[in-house]
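The values are calculated or read from the model by the stated rules, or taken from the named source; none is laboratory data. The model shown is predicted, which means the values in this text are computed figures rather than measured ones. FYI the Cβ positions are ideal-geometry reconstructions off the backbone, even for glycines, and counts take in every protein chain you see. Protein only, heavy atoms only, side chains kept; ligands, DNA and RNA dropped before computing areas. Shrake-Rupley method; radii C 1.70, N 1.55, O 1.52, S 1.80 Å.
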Amino acid sequence: MKVVILGLSITSSWGNGHATTYRGLVRELARRGHDVLFLERDVPWYAANRDLPRPPYGRTELYASLEDLAGRFTEDVRRADLAMVGSYVPRGAAVGEWVQRTARGVTAFYDIDTPVTLALLERGACDYLRPELVPGYRLYLSFTGGPTLARIERALGAPAARPLYCSCDPELYAPAACEPRWALGYLGTYSEDRQPVLERLMLEAARAWPEGRFAVAGPQYPEHLQWPRNVTRVEHLAPPEHPAFYNAQRFTLNVTRADMVRAGYSPSVRLFEAAACGVPIISDAWPGLETFFAPGRELFVSRSGEETLRYLQEVSAPERRAMGARARQRVLAEHTAEHRARTLEAYVLDAARGG
């Protein structure tokens, strides 16, 4: 197939998880013989923080404006078997209108932020999608599964809402033989709605166990936050540094955005990446979690700092390693970028046949 993806960013992972998803998906589509063009709006904050300025798979082009986009890439979109617009693309609604007017193949909206998108649409505050555009996308591909998909079809008129979850790259994320530096770590960009959960599940445990060692990695945390003395702060880590960070932890913490907890069935990419490294996960609780990993067998679920601390202090090393190994096997069997590329192929072929 000829595939054109208009996404937030593939060249920079600074402050966003979209890049990781797009990199894996584009690479696997290219490996499977598809001709993939990724189009990214050239914006200053990503231009100053590009950790993969020239992806070695597919073809990546930057554009300066809507006029530049239409002037240079109309023919590519017209000839594409799949033209896909992602969430949070700058002026994405206008981009989507242009794609729907131009494309002759299957059109898709890839929502990497589904619960946030739906909340913005309800408030009339979404600048990358408008309700009247949804029926014009043959596919609505969503990071969130479960009941939300039926809601998108029923309330917004999407012809076909389908899950296309995040994934991990097992070639990059794998166990490493090293002595852990921290009892528990967390990797994630600051989010106001996640911070209370991080406070409850990790920082309370850190305060209760001064001898324990903890780490929080990620950008945009406010300077006024008070961290316990036994918590190491690490600023932004580029994706190539993520596996080493995970492997330096005895356990890793997963914290889910509030909108995604309410929607359920919204796994974080960090969940799959940590599991691929064989690091046992302590996760917050949310509906649908058990459809991705088996609680108590492939990960632990915590609802308090006390419960987190019990895992850290009472789970034996053999039990911890066995838990991590089972989670890794689940990822390799179901949640790699190759799985997502194959799923996308099937969706597009079905849509092209009128399914």
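Structure data summary
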| quantity | calculated |
| --- | --- |
| Carbon and sulfur %, accessible surface of the chain computed with the full protein complex present, 1.4 Å | 49 |
| Per-residue HN-Hα couplings for region 127-138 [Karplus 6.51, -1.76, 1.60; θ = phi - 60°; Hz; x = Gly/Pro] | 9, 10, 7, 10, x, 5, 7, 4, x, x, 8, 5 |
| Protection proxy ranking, peptides 335-341, 300-306, 182-188, average beta carbon neighbours within 10 Å, highest first | 182-188, 335-341, 300-306 |
| Gap separating the Cα centres of region 266-310 and region 188-215, nearest whole Å | 15 |
| Peptides ranked, highest mean first, by Cβ atoms within 10 Å: ranges 110-120, 267-277, 90-100 | 267-277, 110-120, 90-100 |
| Crossing angle, helix 18-31 versus the chain [Cα axis fit, 0-90 degrees, rounded to tens] | 60 |
| Cα-based radius of gyration of the chain once divided by 2.2 N^0.38 Å, which approximates compact folds | 0.99 |
| Given charges at beta-carbon only (K, R positive; D, E negative), |dipole| of the chain in Debye | 520 |
| Global geometry of region 82-151, whether rounded, prolate or oblate, following the gyration tensor of its Cα atoms and the 1.5 cut on a/c | oblate |
| Distant-in-sequence amide H partners of residue 234 (H built 1.01 Å from N, under 5 Å) | 216, 217, 218 |
| Gyration tensor (alpha-carbon) shape descriptor, region 182-333, a/c threshold 1.5 | rounded |
| The chain, helix-only ellipticity at 222 nm - DSSP H runs n ≥ 4, -39,500 (n - 2.57), divided by all residues, nearest 500 | -11000 deg cm²/dmol |
| In sequence order, calculated HN-Hα J values of region 162-177 (Karplus, 6.51, -1.76, 1.60; Hz; x Gly/Pro) | 9, x, 9, 5, 5, 7, 9, 10, x, 6, 9, 10, 8, x, 9, 7 |
| Prolate/oblate/rounded label for region 170-216 (Cα gyration tensor, a/c 1.5) | oblate |
| Principal-axis tilt of helix 317-334 within the chain, Cα atoms, nearest 10 degrees | 10 |
| Derived scalar couplings ³J(HN,Hα) [region 278-295; Karplus, 6.51 cos²θ - 1.76 cosθ + 1.60; whole Hz; x for Gly, Pro] | x, 8, x, 9, 10, 10, 5, 9, 7, x, x, 3, 5, 7, 10, 9, 8, x |
| Helix 114-123 vs. the chain, principal-axis angle (Cα, 0 to 90°, nearest 10) | 60 |
| Å² per residue, accessible surface of region 27-117 at 1.4 Å | 42 |
| Cβ crowding within 10 Å averaged over residues, with 219-230, 288-299, 15-26 ranked highest first | 15-26, 288-299, 219-230 |
